[in-house]
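**Q** Structure provided below as structure tokens; questions to follow.
The values are calculated or read from the model by the stated rules, or taken from the named source; none is laboratory data. Note that the coordinates shown come from a computational prediction; the quantities given were computed from them, not determined experimentally. In this analysis, Cβ positions are derived from the backbone assuming ideal geometry, glycine residues included, and neighbour counts consider all displayed protein chains.
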Amino acid sequence: MANFILIIRAFLFYLGMFIITPLFALLVILMFPLNNITRSRMASYWAHCSLAWLKLTCNLSFTVRGRENIPDHPSIILCKHQSAWETIALQVIFPPQIWVLKRELLFIPFMGWAWIAMSAIPINRAGGREALKQLVKHGKDRLARGLWVVIFPEGTRVAPGVRGKYHIGGAWLASHTQSTVVPVAHNAGLFWRKNAFIKQAGTITVSIGKPIKTAGLKADEVNKRVEEWIESEMLLLPQHV
């Protein structure tokens, strides 16, 4: 009976998302002539609605530690990647932003088109050093426009308790633009697992680390500091639903 209720709750959640996502995506696309900040804020309204609907249908909410660590200027967010939840929540927690994502995602109907309109940064994972050059070029441009840049250094979602390989891209962008890095840890994977339909009720914990100044640091050192902080912080977060 308990599982049946969870299935119904998840179904209602996805039904609502199926309705509101194309509407907000269309609004973002229609706002293309406006500036990036305005378009990003429209996307954040979608995120606010999504999280409110998630709490109502699945009784899943979140709490944030370390809000005082959020800088007052555009920075680079390097975040643990466990589920789809953080791709929504970061838009609520942080100022107007864009994401670095694999280019294949731009072909997703509505969402992909909205990401294009928001000036997301697509990358070719097999592009090697050329991909890093493009990342720096476009990342520098977005930061100059007043946007924060979100990167998941592990590149793909990992299960709770798993430590993925931290790729150099985010740290490379930070060191080559001398941008501030904000590391983020969370335990969303306990409640919203990769490819899982059911969402567990509870409270996700997000922890924001102290900003890392990258001036004078090489990319490897930035990446090392980010990984050490995130993985150490993950051990301090609740480990069970």
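**Q** Return a yes/no flag: does the range 118-131 have any residue that is loosely packed, with under 15 Cβ neighbours inside 10 Å, touching an Asp or Glu at 6+ places or on another chain (Cβ under 9 Å), closer than 21 Å to residue 175 by Cα and not hydrophobic (A, V, I, L, M, F, W, C).
**A** Checked against the condition, which is being loosely packed, with under 15 Cβ neighbours inside 10 Å, touching an Asp or Glu at 6+ places or on another chain (Cβ under 9 Å), closer than 21 Å to residue 175 by Cα and not hydrophobic (A, V, I, L, M, F, W, C), the range 118-131 yields at least one hit.
**Q** Out of all the residues in the range 7-26, is one or more loosely packed, with under 15 Cβ neighbours inside 10 Å and among the polar types (S, T, N, Q)?
**A** No, there is no match, as no residue in the range 7-26 is loosely packed, with under 15 Cβ neighbours inside 10 Å and among the polar types (S, T, N, Q).
**Q** Please specify each residue of the range 118-157 satisfying the condition of being modelled with pLDDT of 90 or more and acidic (Asp, Glu).
**A** 141, 154
**Q** Quick one: would you say residue 168 is of a type in the set (A, V, I, L, M, F, W, C), surrounded by fewer than 17 Cβ atoms within 10 Å (Cβ to Cβ) and touching a Leu at 6+ places or on another chain (Cβ under 8 Å)?
**A** Numbers: of a type in the set (A, V, I, L, M, F, W, C): yes; surrounded by fewer than 17 Cβ atoms within 10 Å (Cβ to Cβ): yes; touching a Leu at 6+ places or on another chain (Cβ under 8 Å): yes.
Judged against the criteria, residue 168 is a match.
**Q** Which ranges mark the strands (runs of 3 or more DSSP E) fully within the range 132-241 that have 2 or more residues being under 25 Å from residue 41 (Cα atoms) and among the hydroxyl-bearing types (Ser, Thr, Tyr)? Walk me through it before giving the result.
**A** Details: elements: 148-151, 181-186, 202-208.
By residue number, 202-208.
**Q** Going through the range 186-241 one residue at a time, which ones are closer than 20 Å to residue 164 by Cα and in contact with a Gly (Cβ under 7 Å, 6 or more places away or on another chain)?
**A** The answer is 191, 207, 208, 209, 229, 233.
**Q** If you don't mind, there's one more thing I want to ask. Any idea how many residues of the range 77-105 are within 22 Å of residue 158 (Cα to Cα) and more than 11 Å from the chain's Cα centre (by Cα)?
**A** 4
**Q** So for the range 224-238 (the condition being in contact with a Lys or Arg (Cβ under 8 Å, 6 or more places away or on another chain) and under 18 Å from residue 61 (Cβ atoms)), does at least one residue qualify?
**A** No.
**Q** Then there is this: Scan the range 52-75 and tell me whether some residue there is farther than 18 Å from residue 157 by Cβ and under 12 Å from the mean Cα position of the chain (by Cα). First the steps, then the outcome.
**A** As a first pass, look at the range 52-75 and keep what is farther than 18 Å from residue 157 by Cβ: 52-53, 55-59, 61, 63-75.
Then drop every residue that is not under 12 Å from the mean Cα position of the chain (by Cα), which leaves none.
Looking for residues that are farther than 18 Å from residue 157 by Cβ and under 12 Å from the mean Cα position of the chain (by Cα), one finds none in the range 52-75, hence no.
**Q** Got a sec? Which of 219, 174, 188, 196 is in contact with a helix residue (DSSP H, G or I) (Cβ under 7 Å, 6 or more places away or on another chain) and under 30 Å from residue 5 (Cβ atoms)? Walk me through it before giving the result.
**A** Working: 219 fails: under 30 Å from residue 5 (Cβ atoms); 174 fails: under 30 Å from residue 5 (Cβ atoms); 196 fails: in contact with a helix residue (DSSP H, G or I) (Cβ under 7 Å, 6 or more places away or on another chain).
Exactly one residue qualifies, and that residue is 188.
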